[in-house]
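Values in this text are rule-based calculations from the coordinates and carry no lab data. These numbers come from a predicted model, not from an experiment. A quick note on method: Cβ atoms are made from the backbone with ideal geometry, for glycine too, and the neighbour counts reach across all protein chains shown.
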Amino acid sequence: MADLNEGRFDLPRSPARLIAFAVTAALLFAMLGGRLFQMQVVSGTLYADRAVAARTIEMPIKAPRGLIFDRTGRPVAINVPSWTVEAIPADLPADASQRDAVLARVASSTGAQAAGLQQRLSAYHGSPYDQVPLVRGITRDQALLLSERAGDVPGIVVQVDPVRQYLDEAGKVDGSLLAHVLGYTGPVSQEQLAALAEQGYLPDDWIGKDGVEGSYESILRGTYGSQQVERDASGRPIKVISTTTQAVPGRNLMLTIDARLQRMATDALTWGMRAAGVKQGVTIVMNPQTGEILAMVSLPSYDDNAFATGISTATFNTYLQNPNQPLRNHAIADIYPPGSTFKLVTGTAALQEGVTTPTQLWPTYGCFHIPGAPAGQCLFDWNHAGFGPLNIEQAFFRSSDTFFYQMAIHLGIDRLAKWAYDYGFAKPTGINLPGEASGIIASTEWAQSQGRPNVFTGELAQAGIGQNVIAVTPLQLANAYAALANGGRLMRPMIVKGETDRSGKLIKAYPPTLIRKISASASTMQLLRFGAREVVTSGHAFNIRDVPLPGALSGKTGTAEFGAKEQDGSLPFHSWFVGYLPSSPGATDATLEVLTFSYSATVPGNVSTEVVKYFFQKYFNVQRDYRLDPRTLSLLGGN
Amino acid sequence: MGATTSTFVDSVRDRAWRAFDWQLLLFVALIVGFGVVMGYSASFNEASQPAGGISQTVKTLLWVAIGFTIFFVAASIDYHWLTTFTAPIYIGVLLLLVLNLVIGKSLNGATLSISVAGLDFQVSEVSKVLMIVVLASWLSGRREKIGRLSTIVGAGILMGIPTFLVFRQPDLGTALVFVAILVTMLFMSGASIGWMALLAGVVVAVSPIAVNALAAYQRARLFCFLNPYADPQGACYQLVQALNAVGSGGVFGQGLTAGRQNQLGYLPVQTTDFIFTVVAEELGFVGGLLMLGLFALLVWRILVIGWGARDALGSMVAWGLASMLLFQLLVSVGMVIGIMPVTGIPLPFITYGGSSMISLLFGMGILESVRVHARKQTF
């Protein structure tokens, strides 16, 4: 036994120390277990809440944008999925040549330029976990192909987002038919974001720009919701935990526009512009009773679908550099001298202010000498011959300039201006579209703002025929004639008829708004309506009278030569025609009015009248073609 | 063939194997099994796993297989055989630690491993078990001189050199493990409590200087330990994420591979130093308690083996290993439940790593040898 135990108790064995060790160990386990109990069982919820709060963020739920329909329920602005190729820089291969290979594969399957993708990627300086858009608007097939080849293109994802698509009257994708009415959506700019962030706009958000998309942004956008989203440690969203507030879809709108009429008006204007070498043209079709705009064409137009998918710089620059400014809605944003169409205002003023009675005859002249001007200086009548003595109705339909010079001079500028204001000039009409111009109506105040005591008498005379110191938007003019046509009610032009359901059925109609009753007497307006009828039957618009129309077409022409001289030294020709269609001469029941303005034609004569004529032929399905070739003034359709 | 060189097969036939401690093997195997499962869950969502490469779990299983082979080899060899090699082992440990400092592979600023044939060899992990053997051997030879101050000074110098080398890596955690082993083994060997208390007093007195000697990141960890929510987005981010994860585990946990903090990558080094966070988050209080219970059983078993050892060498090895396990458990679990400062110390058997696994199973094998050879004649 001694052998066995040799060395066994070579050190003292202390039970006390072993117990101390064991007790220490037991305490240690108890401490760990106790603390675990405290953290997990007692305060578990507290830590869990902290953990959830630290890894979740509030993220917006985008609301689908409201659709837009025309007045017959045809969809003209819809949302379609758009596929965008995006790169997550952090997930791309680190090796430069492998990265290039990935981008080359993306380029080959989307038809994009590899160098362009490189550029877009290197221009990005945000978080490497963000998605950087490389190619927008790829086709569905390309998107599917890329998704299938995901293994070959690490770090590349295909994102699907709703984008706007604009359609024509036939339901085909066409961004030019209603571009100026609808406008487009585009990425919110940095400056806009500063002001809009409070309303829930996001840095990568889209916003309605121009047209109805712009002016009805708050209705179309809806209200974004928000949700709690869990992120991983690198910040990537992983899953939705809860929805804090639901998104409210944007409301759908119905335009007052009839896309079919818009097409007819566009085709008619396009023909006229080509035939007469016109550079800019406007056609407005409206219902004079309500102020509803049935068609509003401004040419040249642009493709708003190009904007909806993110317009290329090259295309955008082409638009910007075009001297005829396709991006501007000439119908509301630009001002032009109304010419003889303004005689409506001068005539109303002269009758109302007692400058003339309806039957009083005034001499007319080949060239009218302005009182106080040096001898030999005179202003011509348009025919350089005069018409002999005329009363005001005759002067209106013959469009005698020298008659209205005299009216203007007797009125004085401020009484003329007063009636121009009454017809809605010098002020935006209030149509709910962005970018409407005010126009210019000369007055003493206006002259003084130019630094002179008053307008010159020559200017005053020219103001009487809508020249020199008078400038209006085509819409203002159309609206003034609408007031004439409906018996003196100046309506606010409407572009949106109301709100619809998702299928385009009207559920809430916006009521027409009366701006004011024109303060002219009924007899004054009746006289001018008869004059307007005679413009068609025996005045300047006589060549439209043969077109069989279901009513007594009445209207007024206006022509002018002004602007920059052409190379041969001649001035470009501009022409207006505004016509409305009452049931009988002088009646106030017209529901159709058409205005056309052609800016800068290369041939004399009123191409606008031909455009309106062509529109009526289309609208009323007139079989025979009554158009005249603006160059030769011979019948296009033959006899 | 002598007993000291008897093979495992010979030994199995030997009657002495009746003394084989199945409980030790069982507890170790259960903890290792638990560790493999947790390691799998911790690396479940790891994006850095190379596709088609060997997964971490497969690697762990390989280490476990090697480890248990070594366990049985060590168990079959009389542990006294080790005393013959005390001096070479000690010199070898010092050389490896110096080598590690010179050519070691850098990880997060610290040189922790030597790469041999593509495998990372963590010298400090292996040196812990080897230093227990060296210290046990030296202390058991002190006999009647054990109560003297020279025991404490000698053991201090013996342990101090490798501790300093490890500290220089810098691997503060392992250095602290060395200190814990030294103190426990001295205490259990019968060293003078008076002298130990006096020296401990000196250490406490100079500790403010030690805090100054700490690197900036170590001081920040100390600061976060004291008040983690003072800087939850900055210096204390990792600790706060870990604390949140542990608390979120609740009673039953979020389920294996379903811990959100773990799977979404919020936990730092979740397969190694922060592995217990995964345990707590995914298996909850029940799982944490299960793990602590297994460790408690293992430590209890080691103490039983130590007390029943034939001689002081066997006992001292047991005390050393028990103190190592306890201290590593205390720090590794304690830091993610906010009762210890954050220090990089592996959770024994559970933290991923071949060096740690193999050296621990080697240590357990020695313990088994202590058991097997407790009543056996050496001649």
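Per-residue Karplus couplings for segment A:322-339, computed as 6.51 cos²θ - 1.76 cosθ + 1.60 with θ equal to phi - 60°, are listed in order as 5, x, 8, 6, x, 6, 8, 8, 4, 5, 10, 9, 10, 10, 9, x, x, x Hz, Gly and Pro entered as x. So for chain B, averaging the separation of alpha carbon pairs under 8 Å that are six or more residues apart and normalising by length, what relative contact order in percent results? Averaging sequence separation for qualifying contacts and normalising by length gives 28 percent for chain B. Its residues counted as N, chain A yields a C-alpha radius of gyration over 2.2 N^0.38 Å of 1.42.
Here chain A is assigned +1 on the Cβ of each Lys and Arg and -1 on the Cβ of each Asp and Glu. Its dipole about the Cα centre then comes out at about 1000 debye. Shown for segment B:147-259 is the translational diffusion coefficient from the Stokes-Einstein equation, using the Kirkwood radius over Cα pairs, a temperature of 20 °C and a viscosity of 1.002 mPa s: 125 µm²/s.
What you get for segment A:306-415, charging only the Cβ of Lys and Arg (+1) and of Asp and Glu (-1), is a dipole of about 160 debye around the Cα centre.
By how many degrees, between 0 and 90 and to the nearest 10, does the Cα long axis of helix B:354-372 differ from the longest principal axis of chain B? Between helix and principal axis, roughly 30 degrees. Relative to the longest principal axis of the Cα atoms of chain B, the long axis of helix B:216-226 makes an angle of roughly 80 degrees.
Amide H contacts of A:Gln289 (H built 1.01 Å from N, in plane; Pro and chain starts excluded): no residue 5 or more places away or on another chain comes under 5 Å.
Legend: calculated FRET efficiency, A:Lys172 to A:Thr318, from the Cβ-Cβ distance at R0 = 22 Å, rounded to 0.05, equals 0.45.
Could you work out the equivalent-ellipsoid semi-axes for segment A:351-473, taking the square root of 5 times each eigenvalue of the Cα gyration tensor, largest first, in whole Å?
Equivalent-ellipsoid dimensions as semi-axes: 26, 18, 13 Å.
Using the rule -39500 (n - 2.57) for each DSSP H run of four or more residues, divided by the residues of chain B, the 222 nm mean residue ellipticity is -22000 deg cm²/dmol. May I ask for the angle, rounded to the nearest 10°, between helix A:522-537 and the longest principal axis of chain A, with both axes built from Cα atoms and the value confined to 0 to 90°? Tilt of helix A:522-537: around 80 degrees. Shape descriptor for segment B:232-298: Rg over Rh equals 1.00 (Cα atoms; Rh from the Kirkwood inverse mean 1/r). Counting beta carbons within 10 Å around each of B:Phe274, B:Phe362 and listing the fewest first gives the order B:Phe362, B:Phe274.
Partners of A:Lys239 within straight-line reach, counting aspartates and glutamates whose Cα lies under 14 Å from its Cα and excluding those fewer than 8 residues away in the same chain: A:Glu58, A:Glu230. When the Cα positions of A:Thr588, A:Val611, A:Val578 are compared along the charge dipole of segment A:497-632, A:Thr588 comes out farthest toward the positive end, with charges on each C-beta of Lys, Arg, Asp and Glu. Remark on A:Leu134: its backbone amide H falls under 5 Å from those of A:Val85, A:Glu86, A:Ala87, a criterion applied only to residues 5 or more positions apart or on other chains, H modelled at 1.01 Å from N.
Computed from phi, the 3J(HN,Hα) profile of segment A:429-445 under the Karplus parametrisation 6.51, -1.76, 1.60 (θ = phi - 60°) reads 5, x, 4, 7, 9, x, x, 7, 8, 8, x, 10, 10, 5, 7, 4, 4 Hz, with x in place of Gly and Pro. Between the alpha-carbon centres of segment B:74-98 and segment A:51-72 there is a gap of 69 Å. The fewest-to-most ranking of B:Thr151, A:Thr283 by surrounding Cβ atoms within 10 Å reads B:Thr151, A:Thr283.
Equivalent ellipsoid of segment B:186-243: semi-axes from √(5λ) of the C-alpha gyration tensor, largest first, are 34, 14, 8 Å.
With θ taken as phi - 60° and the Karplus curve 6.51 cos²θ - 1.76 cosθ + 1.60 applied, the whole-hertz 3J(HN,Hα) list for segment B:295-312 is 5, 4, 4, 5, 5, 4, 5, 5, 5, 4, 5, x, 5, x, 5, 5, 8, 4 Hz, x standing for glycine and proline. With a cut-off of 14 Å on the backbone N, no residue of segment A:104-128 is near the modelled label site 7 Å out from A:Asp95 along Cα-Cβ. Placing a pseudo-label 7 Å from each Cα along the Cα-to-Cβ vector at B:Val304 and B:Gln233 gives an inter-label distance of 5.4 nm.
Cross-link partners of A:Lys209 among lysines, defined as those whose alpha carbon lies under 29 angstrom from its own and excluding same-chain residues fewer than eight positions apart: A:Lys62, A:Lys172, A:Lys279, A:Lys427, A:Lys497, A:Lys505, A:Lys508.
With the simple model of a label 7 Å out from the Cα in the direction of the Cβ, A:Ser242 to A:Ala509 spans 4.6 nm.
Between A:Gln377 and A:Leu633, the C-beta separation translates, for a Förster distance of 35 Å, into a calculated FRET efficiency of about 0.60. Counting other Cβ atoms within 10 Å as a rough exposure proxy, the listed residues A:Ser523, B:Ser140, A:Ser399 run A:Ser523, B:Ser140, A:Ser399 from fewest neighbours to most. Using a simple spin-label model with pseudo-atoms 7 Å out from Cα toward Cβ, B:Val153 and B:Asn212 lie 2.7 nm apart. Scattering from the C-alpha atoms of segment A:149-188 alone, worked out with Debye: what is log10 I(q)/I(0) at q = 0.19, 0.22, 0.23, 0.24 1/Å? Here log10 of I(q) over I(0) equals -0.67, -0.76, -0.79, -0.83. If you take the alpha carbon atoms of chain B and fit the smallest convex hull around them, that volume is 147 Å³ per residue. Estimated from helical segments only, the mean residue ellipticity of chain A at 222 nm is -10000 deg cm²/dmol, where each DSSP H run of four or more residues counts as -39500 (n - 2.57). The amide H of A:Gln280, built 1.01 Å from its N in the peptide plane, has A:Tyr599 as neighbours under 5 Å, considering only residues 5 or more places off or on other chains.
Taking the three principal axes of the alpha carbon atoms in segment B:296-379, the coordinate ranges are 51, 25, 18 Å, sorted in descending order.
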